[in-house]
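Q: Sharing a structure here in structure tokens format.
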Amino acid sequence: MPFHSTVKDAMGRSARFTRAQLQSVALALVDANGLGGLSMRSLAVALETGPMTLYNYVSQREELDVLVVDAVLGEVGWPPPDQGSWEEALRGIAMALWHAVHAHPNTVPLLLTRRSRSPAMLAVAEALLTALARSGRKGQALLVAFRAVTALIMGTVQADLAGPLNLQAGESAADTIARFRSLPPERFAHLIEIAEAATASCAQAEFQDGLELLIAGLRGTAQESASA
């Protein structure tokens, strides 16, 4: 039984909660407590109602997940994918999506596993594909480009969530740097170099630089295909 955003619940009675209210509270629970913090019971407590009341709006846990995905992606505002150059459109959509996901990193697993059920995800995915298709890609090439862009978005958010140095439990950033510096430089010179760079790395700048590398690669392969 899908959730409906009308003012009536599944029994035809006046609804106590709107879809936006359920989304906002469910997302806040995931932001604060991770995916394990979201359940019918925890959402009911946060809304000051009983768990059975929620079944008038959603019939199963998966529908709660979709509410969260739609709440995150509802924050995404992107430029028209068919205006400007395809690079500009891709850059604008990707940055908007990254900002929304980065604001709610605990939702990444849901964004990856519930994306085909979310109307908001379908909309942003189509916009992204439209921009990429304007580079001349279709079929398999379009799929690969789409997955490359979305992997960059989700991967950089997860990397930032883990921390720039992937610290061990109870370890400070200084301790981690010391541990990397103690590695044999003749074997791990570049690993030591990037570990030190990571301490001053900015998540947004890192994503932007990675996106520009990806766009340059996409542009190059598009030009090669056109001249072949």
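Q: Could you rank L129, L213, L27 by how accessible they are, 1.4 Å probe, largest area first?
A: L213, L129, L27
Q: Is any helix in the chain, taking whole DSSP H runs, at least 30 angstrom long along its axis by alpha carbon and on average at least 1.0 on the Kyte-Doolittle scale, and which ones?
A: 139-162
Q: Related question: Hey, what's the chain come to in accessible area per residue, 1.4 Å probe, Å²?
A: Accessible area per residue, the chain: 54 Å².
Q: Running a GNM on the chain with Cα contacts under 10 Å, which residue among P80, P184, P105 ends up with the highest mean-square fluctuation?
A: P184
Q: OK, next. Name the residue, out of D160, D175, D209, whose mean-square fluctuation peaks in a Gaussian network model built on the chain with Cα pairs under 10 Å.
A: Of the options given, D175 has the highest mean-square fluctuation.
Q: Would you calculate, for the chain, the mean residue ellipticity at 222 nm contributed by helices, counting each DSSP H stretch of 4 or more residues as -39,500 (n - 2.57) and dividing by all residues, to the nearest 500?
A: About -21000 deg cm²/dmol.
Q: State the percentage of accessible surface on region 69-116 attributable to carbon and sulfur atoms; use a 1.4 Å probe and exclude ligands, DNA and RNA.
A: Answer for region 69-116: carbon and sulfur cover 52 percent of the accessible area.
Q: What is the local net charge at A195, summed over the other residues whose Cβ is closer than 11 Å to its Cβ (Lys, Arg +1; Asp, Glu -1)?
A: Cβ neighbours under 11 Å give a net charge of 0.
Q: Normalised by the empirical 2.2 N^0.38 Å for globular proteins, what value does the Cα Rg of region 65-168 take?
A: Computed over Cα atoms of region 65-168, the ratio equals 1.08.
Q: Based on the alpha-carbon set only, what is the convex hull volume of the chain divided per residue, in Å³?
A: For the chain, the hull spanned by Cα atoms encloses 153 Å³ per residue.
The values are calculated or read from the model by the stated rules, or taken from the named source; none is laboratory data. The shown structure was predicted, so the numbers you read here are calculated from the model rather than taken from an experiment. Quick reminder, even Gly has a Cβ in these numbers, built from the backbone with ideal geometry, and neighbours come from all protein chains shown. All accessible areas refer to the heavy atoms of the entire protein, side chains included, with ligands and DNA or RNA removed. Shrake-Rupley method; radii C 1.70, N 1.55, O 1.52, S 1.80 Å.
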